[in-house]
Amino acid sequence: MQKTDVAIIGGSAAGLMASVTLRKRHPDKSVAVIRHVRKTVVPCGIPYIYGVLKDVEKDIIPDQKFLDQGIAVIPNEVSAIDRPAKIVRFADGTELGYDKLILAIGSKPFLPPMPGIGLENVFTVKKDPTYLEQLHAALKQAKNVVVIGGGFIGVEMAEQVAKMGGAVCQDYFCTAEQAGSSINVSLVEMLPHCLMLACEEEFCIEAEGELRQLGVQVLTEKRVEAIEGTGRVSAVRLASGEVLPADVVIVGIGVVPNLELAAPLDLQTDPRRGFIVNEYLQTQDPDIFAVGDCASKFSFFSGKPSNIRLASVAASEGMIAASNLYEPKRKTLGALGAFATTVGNTNIGAAGLTTKAAADEGIDVVVGQAVAPNRHPGNLPGCVPDMKAKLLFRRDNGKLIGGHIRGSEAAADMVNILSVAIQSELTAEDLAVMQYATHPLMTASPLTYHVMLAAENAAAQIKNL
């Protein structure tokens, strides 16, 4: 039987980050990453396989960079784990002994118990290259595609399938003349707007407009009642009575943690939250940690259980757990939620709470906004004349609790600034007087830098209360 100091089950963001961190922190320890798929896909790149990359193989994380660091990669299916003996058993009959174990087994798409969910050509979004190739083959033959779920995955899949059908434009972005797809794409969302759980309503509406410009039929406040067909899907029936023709259905309405290994491990779990871990990401077994989508999370803001599951959160947790294997050093701060996406010609970023989420938590907020060009002067190439920042601060102490950006590609990096500011409990006053890098070709003017100006607008309101 082979042995390793640390066995990591799961080869995506959490597991890979844990392995790299461990090699840096404990170079004397041997590390093995175990995964059940033949290759590891870039999880956030999955939608772009279809419209931009056009090939699953272009969305693969190479093994060699990890092998070069002395990390063993084992593509095999785990059949059981013997906790007392500290042995991982594989489906092919082989075994691997370990001293420490990190569970990074992720999540699986949630499938609602609706009629027709098991029909042929009904797909979810799995991190399995073979499965994603099957979806690609089906989409190439499809004329009518229905995407169920208007979160980030659903919106990005709808956009990319539309582009796959002909709305693929120069330099990725589309003009009104170039938009339009030969594939009829419908996106069905139960909530009033797509992306509503993470983004401000006004930005959600803009994203829906971008989808419609690409030819996507956006149906909000609609519930799917059944998927219809004989053997293979042919239509999607809504509760309203509408029937949408469908050659392919993509279900993207969330995920649930993978808990297949939970019963033999006899560790505390929750079917919605995953393996229960402490602030060091340790399970009830001091030698077993759980990270990423399979691990329980709590809100950075309220401490309540959180369902936020992101690759960025998983990578952070992988780093924290690897740092704590032999001595507790790092604690998780909780799930904050920092998102970014591109829909058509619009880039959107969000960190922390929305105004609705803040109201639901009973938090009174002051909103600071700024609209300005993302270049200075505004006649420079690539200028977005109305890039917008919307920042939410607690009225009682001025601390930032939410930041929302719409505009250029800088939206993601600007939201990352805001995410750090939220975690650092910075106030409107702090952000207003921070020193920022600016450049004519990359940012707004130093007089109208979005974060600074929005923070100052909020600070003035708080001062005058």
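Please determine, by comparing only the residues of region 301-314 that are touching a Gly at 6+ places or on another chain (Cβ under 8 Å) and assigned to a helix (DSSP H, G or I), which one is farthest from residue 426 (Cα to Cα). Filtering region 301-314 for residues that are touching a Gly at 6+ places or on another chain (Cβ under 8 Å) and assigned to a helix (DSSP H, G or I), the one farthest from residue 426 (Cα to Cα) comes out as 314. Do we find that residue 174 is buried (at least 20 other Cβ atoms within 10 Å of the Cβ), at pLDDT below 95 and either part of a strand (DSSP E or B) or not aromatic (Phe, Trp, Tyr) (or both) in this structure? Yes, satisfied.
Of the residues 443, 427, the single one that is of a type outside the set (D, E, K, R) and modelled with pLDDT under 95 is 443. Criterion applied to 87, 74, 105 was being touching a His at 6+ places or on another chain (Cβ under 9 Å) and among the aliphatic types (A, V, I, L, M), and the one residue passing it is 105. Starting from residues that are touching a residue at least 40 places away in the same chain (Cβ under 8 Å) and either more than 16 Å from residue 450 (Cβ to Cβ) or among the aliphatic types (A, V, I, L, M) (or both), keep the ones in region 383-392 and report whichever is surrounded by the fewest Cβ atoms within 10 Å (Cβ to Cβ). Within region 383-392, the match that is surrounded by the fewest Cβ atoms within 10 Å (Cβ to Cβ) is 387.
Conditions (1) under 22 Å from residue 429 (Cβ atoms); (2) touching a strand residue (DSSP E or B) at 6+ places or on another chain (Cβ under 7 Å); (3) modelled with pLDDT of 95 or more, marked per residue:
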residue: 372; (1), (2), (3): yes, yes, yes
residue: 376; (1), (2), (3): no, no, yes
residue: 387; (1), (2), (3): no, yes, yes
residue: 390; (1), (2), (3): yes, yes, yes
residue: 393; (1), (2), (3): yes, yes, yes
residue: 399; (1), (2), (3): yes, yes, yes
residue: 402; (1), (2), (3): yes, yes, yes
residue: 405; (1), (2), (3): yes, yes, yes
residue: 408; (1), (2), (3): no, yes, no
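For residue 330, the stated conditions do not hold, so it cannot be described as buried (at least 20 other Cβ atoms within 10 Å of the Cβ) and assigned to a loop (DSSP other than H, G, I, E, B).
Do the conditions hold for residue 420, that is, is it hydrophobic (A, V, I, L, M, F, W, C), within 16 Å of residue 338 (Cβ to Cβ) and without any contact (Cβ under 8 Å) to a residue 24 or more places away in the chain? Yes: the conditions hold for residue 420. If you go through region 294-319 and keep only what is within 20 Å of residue 6 (Cα to Cα) and among the charged types (D, E, K, R), you end up with just 317.
Among the residues of region 436-465, those identified as in a helix (DSSP H, G or I), in contact (Cβ under 8 Å) with a residue 12 or more places away in the chain and of a type outside the set (S, T, N, Q) are 450, 451, 452, 453, 454, 455, 456, 458, 459, 462. Of all the criteria given as (1) outside the structural domain of residue 318 (by TED's automatic domain parsing); (2) among the charged types (D, E, K, R); (3) surrounded by fewer than 17 Cβ atoms within 10 Å (Cβ to Cβ), the one not satisfied by residue 92 is (1). The set of residues from region 22-75 being closer than 30 Å to residue 97 by Cβ and part of a helix (DSSP H, G or I) comprises 22, 23, 24, 25, 43, 64, 65, 66, 67.
Looking at this structure, is residue 96 part of a helix (DSSP H, G or I) and in contact (Cβ under 8 Å) with a residue 60 or more places away in the chain? Here the answer is no, as residue 96 does not meet what is asked. The set of residues in region 142-166 that are more than 25 Å from residue 310 (Cβ to Cβ) and modelled with pLDDT of 95 or more comprises 142, 143, 144, 145, 146.
Residues checked against (1) of a type in the set (D, E, K, R); (2) part of a helix (DSSP H, G or I); (3) under 26 Å from residue 313 (Cβ atoms); (4) more than 22 Å from the chain's Cα centre (by Cα):
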{"residue": "374", "(1), (2), (3), (4)": "no, no, no, yes"}
{"residue": "383", "(1), (2), (3), (4)": "no, no, no, yes"}
{"residue": "389", "(1), (2), (3), (4)": "no, no, yes, no"}
{"residue": "393", "(1), (2), (3), (4)": "no, no, yes, yes"}
{"residue": "403", "(1), (2), (3), (4)": "no, no, yes, no"}
{"residue": "411", "(1), (2), (3), (4)": "no, yes, yes, no"}
{"residue": "416", "(1), (2), (3), (4)": "no, yes, yes, no"}
{"residue": "422", "(1), (2), (3), (4)": "no, yes, yes, no"}
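Which of the residues spanning region 121-149 are part of a loop (DSSP other than H, G, I, E, B) and touching a residue at least 60 places away in the same chain (Cβ under 8 Å)? Those that are part of a loop (DSSP other than H, G, I, E, B) and touching a residue at least 60 places away in the same chain (Cβ under 8 Å): 121, 124, 125, 127, 128, 142, 143, 149.
Among residues belonging to region 343-360 that are in a loop (DSSP other than H, G, I, E, B) and at negative phi, point out the one that is farthest from the chain's Cα centre (by Cα). Filtering first and then ranking leaves 345.
For region 99-154, filtered to residues that are crowded, with 22+ Cβ neighbours inside 10 Å and on the phi > 0 side of the Ramachandran plot, the residue that is nearest to the chain's Cα centre (by Cα) is 106.
Evaluation of residue 340 against the conditions (1) in a helix (DSSP H, G or I); (2) not assigned by TED's automatic domain parsing to the domain that holds residue 446 shows that the sole unmet condition is (1). Note on region 211-277: enclosed strands (runs of 3 or more DSSP E) holding 3 or more residues that are buried (at least 21 other Cβ atoms within 10 Å of the Cβ) are 248-251. Scanning region 99-120 for residues that are farther than 30 Å from residue 320 by Cβ and either of a type in the set (A, V, I, L, M, F, W, C) or not in a loop (DSSP other than H, G, I, E, B) (or both) returns 111, 114, 117, 119, 120.
The values are calculated or read from the model by the stated rules, or taken from the named source; none is laboratory data. Bear in mind the structure is a predicted one, so any value in this text is a computation, not a measurement. Here Cβ is always computed from backbone atoms with ideal geometry, including for glycine, and neighbour counts include all displayed protein chains.
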